Structure formats: structure tokens, C-alpha cells
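Have a look at the structure below before the remarks.
Read-outs: derived from the displayed coordinates by stated rules, not from any lab. Being a predicted model, the structure only gives us computed values, none of them experimental. A quick note on method: Cβ atoms are made from the backbone with ideal geometry, for glycine too, and the neighbour counts reach across all protein chains shown.
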Amino acid sequence: MTTPNLHGREACKTADPELFFAEDITKEGKRDVAVAKGICARCPVLARCREFALVNTDHGVWGGMTAEERLKWRRENGVKAIPRVIHGADHRHDIHTRKTGAA
Ligand code: SF4
């Protein structure tokens, strides 16, 4: 499985990847998640990112939604399971580390 082609237009490509994978159970984590969501809110490819993430990922903030929010959406929309899951490390690799050009 590959991540969606967002044409390098991701607002997060210059952001700290850790913001998108913070545990939102601490004050600092909640702040990081809020910052990540703020970055998503001004992202020109939010809709495409969210559409992909709703059925393909269970970690991190994608498309302005946390993993818990996507799980809630799946429950409410009768989507029982994600066939294949992209985990946080893949998200970091495929999207959030593009800024570094890391392989
Ligand atoms: S996680 Fe998705 S919506 Fe958020 S900034 Fe990155 S590419 Fe855009």
C-alpha cells in the first residue's frame, strides 16, 4: 500500500513530525495535537489526505483528524475494519519526512 500522492503540497512537509504523533493524554500532547490540526486546517490537500486516512491509518493526525476521531467516524459510518493499516512510522516516512528528503 502506498500513501496518496499529495504532490508535495502537504502543509506538514515542513512541520515537526512528532506533532502528528503526540499522545493526547498529556497537556503537552494535547497542545501538539492542536498544533498539528491547525497545520492540517490550512493544508490544500486536507480532503484527499483525510479521505485516504479514514480507511487506511490508525495512528497519528491525518487530514485534521486523530486516530480516535477516525475510529469514531468508521463506527458511525459502518466501516468495520481497515484492510491494511499504515502505522505511524510509515506516515512519518512517507509524508512528514519528505522535507528532509530522507529515504
Ligand atoms: S496530515 Fe494531511 S491534511 Fe494534515 S498537513 Fe499533512 S498532508 Fe495536510
R0 of 30 Å, Cβ-Cβ distance residue 55-residue 35: FRET efficiency to nearest 0.05: 0.75
Sorted peptide list for 51-64, 8-21, criterion being average Cβ within 10 angstrom, highest first: 51-64, 8-21
Proximal charge balance of residue 31 [Cβ under 14 Å; K/R count +1, D/E count -1]: -3
Label-to-label distance, nm, for residues given as residue 9 and residue 74 (7 Å Cα→Cβ offset): 2.7 nm
